[in-house]
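Below is one structure, written out as structure tokens; the observations come after it.
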Amino acid sequence: MFILGPDKAESVDGEDFYGMDVFAFRGEKPQRLPGSAYWVDNDLFGDILNATLSQLDRVGFEIVVAHGHGPSTTFVEDHRQSLTESFDVELLTCRRSGDGPGLQVDHAAANETSLLMVLHAEAVAMDRLPDDEWPVGVDGEDPREYASAERGAEIVDTELDRMATKLSDALDEREQSL
């Protein structure tokens, strides 16, 4: 798993800001959010992805699920055709379209917080959120009102079922093409 990827980059007054450093403060000067240390430029990310897929192809992987931060997933989706033409692998992502609970449908809001509540409850500190203002970096439904471990468990179950179907379909297609 790579904990790095491309994202929006902006330089203001000689300081570099990435991703939610910029998006969380739309219309205002960006601010560094704590813990944001994943950014690499598109070219480097592409090189890393190409090198990784080359090795996975070399050792016989047939299907690769590329999932990560939104811009990383977007990069994979935007380059899927050229990557699958370069390597003999089927390239899938976990992203889905549409509204409602799921993966990558918000940022630090009810969905992501619910997922953490069920997968890594020790990482959730709801008491650190302000009571009287919108939390910085939150983009989506208010986690103070809508997040729960039950919702997180429903998201996990839904996504596991959805990905199992995607993988099964991809395996069936590969078998039929042989």
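The values are calculated or read from the model by the stated rules, or taken from the named source; none is laboratory data. What you are looking at is a predicted structure, and each value in this text was computed from that prediction instead of being measured. For neighbour counting, all protein chains shown are included, and Cβ atoms are generated from backbone atoms with ideal geometry for every residue, glycine included.
Looking at region 2-17, can you tell me whether even one residue there is hydrophobic (A, V, I, L, M, F, W, C) and assigned to a helix (DSSP H, G or I)?
no
Of the residues making up region 25-39, just one is modelled with pLDDT of 80 or more and among the small types (Gly, Ala, Ser), namely 27. None of 110, 123, 147 is surrounded by fewer than 19 Cβ atoms within 10 Å (Cβ to Cβ), hydrophobic (A, V, I, L, M, F, W, C) and modelled with pLDDT of 90 or more except 123.
With respect to the conditions (1) over 21 Å from residue 112 (Cα atoms); (2) touching a helix residue (DSSP H, G or I) at 6+ places or on another chain (Cβ under 8 Å), residue 6 lacks only one, and its number is (1). One residue stands out in region 57-80 among those that are over 20 Å from the mean Cα position of the chain (by Cα) and without any contact (Cβ under 8 Å) to a residue 40 or more places away in the chain: the one that is surrounded by the fewest Cβ atoms within 10 Å (Cβ to Cβ), namely 59.
Could you check how many residues of region 16-35 are out of contact with any Leu (no Cβ under 7 Å at 6 or more places or on another chain) and surrounded by 15 or more Cβ atoms within 10 Å (Cβ to Cβ)?
9
None of 54, 36 is within 18 Å of the chain's Cα centre (by Cα) and among the hydroxyl-bearing types (Ser, Thr, Tyr) except 36. Of the residues making up region 103-141, those that are within 19 Å of residue 72 (Cα to Cα), assigned to a loop (DSSP other than H, G, I, E, B) and charged (D, E, K, R) number 1.
Report yes if some residue within region 86-102 is of a type in the set (Lys, Arg), assigned to a loop (DSSP other than H, G, I, E, B) and free of Cβ contacts under 8 Å to residues at least 60 places away in the same chain; otherwise report no. Step through it out loud before you land on a result.
Pass one, region 86-102, residues of a type in the set (Lys, Arg): 95-96.
From the residues that got through so far, the ones that are assigned to a loop (DSSP other than H, G, I, E, B) too are 95-96.
Next, from what is left, pick out any that are free of Cβ contacts under 8 Å to residues at least 60 places away in the same chain: 95.
Checked region 86-102: at least one residue is of a type in the set (Lys, Arg), assigned to a loop (DSSP other than H, G, I, E, B) and free of Cβ contacts under 8 Å to residues at least 60 places away in the same chain.
Among the residues of region 23-43, the ones that are more than 16 Å from residue 74 (Cβ to Cβ) and either among the hydrophobic types (A, V, I, L, M, F, W, C) or in contact with a strand residue (DSSP E or B) (Cβ under 8 Å, 6 or more places away or on another chain) (or both) come to 9 in all.
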